[in-house]
Each structure stands twice: as structure tokens, then as C-alpha cells.
Amino acid sequence: MIALQLAVVLAAIFVGARRGGIAIGFAGGLGVLVLALLGVSPGAMPLDVISIIMSVIAAIAAMQVAGGMDYLVDLADRFLRRNPRYLTFLAPMVTYLMTFMAGTGHTAFSTLPVITEVAKENNIRPSRPLSVAVVASQMAITASPISAAVVFFASAMEPHGVDYLELLAVVVPSTFLACMATAALMMGLDRLRGTGALSTHPEFQRRWATGEVVVAGRQDRQIRPGGRRSVAIFLVGLLGVMTYATLISDKVGLVAEPVMERDAAIIAFMLATAAVIVLACKVPTQDILGASTFKAGMSASICVLGVAWLGTTFVSANEEAIMRVAGDLLASQPWALAVVLAFASALLYSQAATAKALVPTALAIGIAPLTAVASFAAVSALFVLPTYPTLLAAVEMDDTGTTRIGRFVFNHPFLLPGTLNIAIAVCLGFAFGSVIL
């Protein structure tokens, strides 16, 4: 029976991934229904994760309509053009920081065109800075103080003696340094191969000769009057979340009996941030519903709802068998948890969904807190299948033809830097965790 249930789960994920976008959430719900027809009781719905995603996206969308995203992209544009020689380092730094601040990787959409143009203007093959930047935006989800994945993981680790602040103290430096190390390794590889210059790429030469490549140059953006103000308000909200989480932390002990738990506080702070932005920046609320970040965020919520519910349904129905089979392996080879999380995230399409589906079972098996925290970065293996929205956007935006998905699906420019990034982040996680935890 477990084989049949697993086949249903994989079939649902495959169908959803083939259709792309929100379809994977729909397919997840279909998979839950099929499992229910087979006699499996549906698992717990990830409503806490969904609520956090929706509240954060509401604040981000309000900031975007107020002009805040244009302001941030303009800052990124100036920053990247000032140091084009180091684009392969600076591009992932920008996407990492924007995702870290916003709690969603969808902020990378707005910076990918800038990265592409700066690369073309400076004879840099766009596929390298684009690939490491997309991977960095995914990795930063496991370090953002307000991402649903981090919030859930922190709540799962607290009973095991690891609080929110200790978690951030491990995952922030390990993931960021891993992104920079990956950029250095990939840049060194390009130099050894002699493939770093855009002018050496045959496909670019062909497209340049036929006029298919356009170098637009820097664009002057009209920043709305409330743009800077909305970013400042959002940052205050972010600091409010981190301050409150610090005050109620058991390790700090300043507030013994908080009025709100951390999850509820994040939702309240983010909705309040959206309200202040709307009032202070005079944002038309009807425009928020049409904002690209709002649409992408709500799509992500449906995806997480479907696949996380499908994953928890399968795992909870077969928890004893999974614990029996995986327990001995993970006890002798604890690093294998990172491999399991990476494989699962490639299928489940979401860091939060992967954490929700597998982390509680891993902890129940007896995985050490250090191993769990160090392996957490592995839930960002969303780059394995070339179907994730930011990955596809990078391919579409690179008109030089250097960022392409090969005929064999897995031979794409995101796989190697992504795998290196996760491997380095997990190793650094063990190093930092052994000192901090």
C-alpha cells in the first residue's frame, strides 16, 4: 500500500510540475483527494505557514505599489553598475539581501533584468551571475527572519533546545558565506575554461549577428514620492518582528509570558506594516491586488498549501514505516538528512513545504538538533528541476542565449552552483552550529 501511495504523491507532483506555476498546488490537492479515496486520512493543513506567507506578501505588495520595489531596484542598479567587474559576486549578494529582507524569493524577479543588462554591457556571460543570483535568492529563504520556512523550523526546533535567535545565528552566516564561496568557485571555473567572456559564446555570436541581442543601457526610473518611505516603514516592521522575537526568547527571558506567540506576532506586524504603508504613502488598495508580487505570493500560497498538505498526508500515514527504515540510516549517517531534504524540496517545490512535511519526522527519529539545523539549508534545492519561476525568468530574460535549459532537462546552468551552494552551506552549518548551539 505504501508503494501505491508514494506513486500517487510522485504522480501528482510530476503532473503539477509539468503544468508549472500554481498547477502544482492544484495537483497537490488532487493527490490528497486520491489518497483519501485509498483510505488515507488527510494530514494537517499548513495553515500557519500559509498565513505567514500571505501576511508578508501583503506588506511586500503594498510596498511595491507605493514605489518601494522600484527604489530598491534602482539602488541595486547603481550598485551593480558601479562595480561591474565583480558582478558574479555582487549579483547574488543583491538577490540574497532582498530575499533576506522580504522573506520571499520573488523579489529577485525585479533584479534579473538589471543583472542581464550589466553583464551584456561589460562582456560578461549572463548565465553565470544569473545562475548564482537565482540560487542565492532561494538560499536566503532559509535565513530570512520572516520567511515561513524559518518561522516553522524555529518552532519545530524550540522543544529541542534551539531558539529562534540561535537558529538565525547559524543559518545567516552559513548561507551567505556559501553563496559568496559558490560565486568564487564558479568564477574560477569560468577562468580555467576561458568561458567567462560573453563574446566567446557561439550562440551569442550568432544572435548578435542577426540583431537578436539588444543592449538597452541604464534606464531612468521614476521613483514615486512614497517609495523611500514605504521601504523605511517595511524595515521598521522587520526590525519590530526581530525585536519582539528577541524579547520573548527563552534565552533572553525579558518577557516570560508574551501576549502573542512569534507566529502570530509576525502576521500582526506584517499586516500592520501593510496598513501603515497604505495610509502613509496613500496607496490605492485596489492596486495591491494587481501587483506582481501579490499575484506571485498568492500563487506560492496555493502551491505550498497543496504540496505541503500532500506531503504531510503521506508522511503521517506512513510515519512508523519511514521511521523504521530511515532511523538506522540517519543514526549512522546523519549527513544523509541533507540529501533527503534536498531531494524532497526538488519535488515539493517549496522550502516551507519541505520543512513542514519532513522535519517533524526527522526530529522524532532522534536526529540531533545540530544535524537538523546544519541540514536546513538543503530545503532550498528548488533549482534541480528547471521549473521554478525565478529560474525560468532568468532563462527568458537572457537574450544572449547563454542561459539555457539543455535537451536532457538536468543540464542547465543552475544545477552545479546550486549543488555547491547547498553542500558548502551544510558544512558551514555544522561548523557554526558546533560553536553556537
| remark: Taking r as the C-beta separation of residue 292 and residue 203 and R0 as 25 Å, the FRET efficiency to the nearest 0.05 is 0.30
| query | Label points 7 Å out from Cα along the Cβ direction at residue 191 and residue 239: separation in nm? | reply | 3.9 nm
| Taking the Cα centre of each part, how many Å lie between the range 277-307 and the range 376-437? | 26 Å
| If Lys and Arg each add +1 and Asp and Glu each add -1, what is the summed charge of the other residues whose beta carbon sits under 12 Å from the beta carbon of residue 155? | -3
| said: Could you give the length gained by full extension between residue 329 and residue 431, i.e. 0.36 nm per residue of separation minus their alpha carbon distance, to one decimal place? | reply: 34.5 nm
| Highest mean first, what order results for 393-400, 306-313 on Cβ atoms within 10 Å? | 306-313, 393-400
| request: Have a look at 381, 260, 200 and report the one farthest towards the positive end of the charge dipole of the chain, computed about the Cα centre with Cβ charges (Lys/Arg +1, Asp/Glu -1). | output: 200
| task | Apply the membrane-span-like helix rule to the chain: whole DSSP H runs, Cα extent along the own long axis of at least 30 Å, mean Kyte-Doolittle hydropathy at least -0.5. List the helices found. | result | 164-193, 227-248, 292-317, 415-436
| field | Whole-number percent relative contact order across the range 291-437, with pairs defined as alpha carbons under 8 Å at least 6 apart | value | 23 percent
| task | Quick one: compute a quarter of the convex hull surface over the Cα atoms of the chain and quote it in nm². | result | 21.6 nm²
| query | How large is the charge dipole for the range 76-162, taken about the Cα centre, if only the Cβ atoms of Lys, Arg (+1) and Asp, Glu (-1) carry charge, to the nearest 20 debye? | reply | 420 debye
| note | By the mean-Cβ-within-10 Å protection proxy, highest first, 4-10, 60-66, 235-241 rank as 60-66, 235-241, 4-10
| field | Cα-based convex hull, the range 94-135, per residue volume (Å³, whole number) | value | 53 Å³
| task | Report the label-to-label distance for residue 1 and residue 255 in nanometres (one decimal), using points 7 Å from each Cα along the Cα→Cβ vector. | result | 4.6 nm
| Under unit Cβ charges (Lys, Arg +1; Asp, Glu -1), what dipole magnitude, rounded to 20 debye, does the range 316-437 have relative to its Cα centre? | 80 debye
| Charge context of residue 68, other residues only, Cβ under 10 angstrom, K/R +1, D/E -1 | +2
| request: Using just the helices of the chain, give the 222 nm mean residue ellipticity in deg cm²/dmol: DSSP H runs with n ≥ 4 each add -39,500 (n - 2.57), and the total is spread over all residues, rounded to 500. | output: -23000 deg cm²/dmol
| said: Under 8 Å for C-alpha pairs, at least 6 residues apart: give me the relative contact order for the chain, rounded to a whole percent. | reply: 28 percent
| message | What distance in nm separates the two pseudo spin-label positions at residue 272 and residue 45, each 7 Å out from Cα along the beta-carbon direction? | response | 2.8 nm
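None of the figures in this text is laboratory data; all of them are computed from the coordinates on show. All of these numbers come straight from a predicted model, not from anything done at the bench. Glycine gets a Cβ as well: all are built from the backbone with ideal geometry, and neighbour counts include every protein chain shown.
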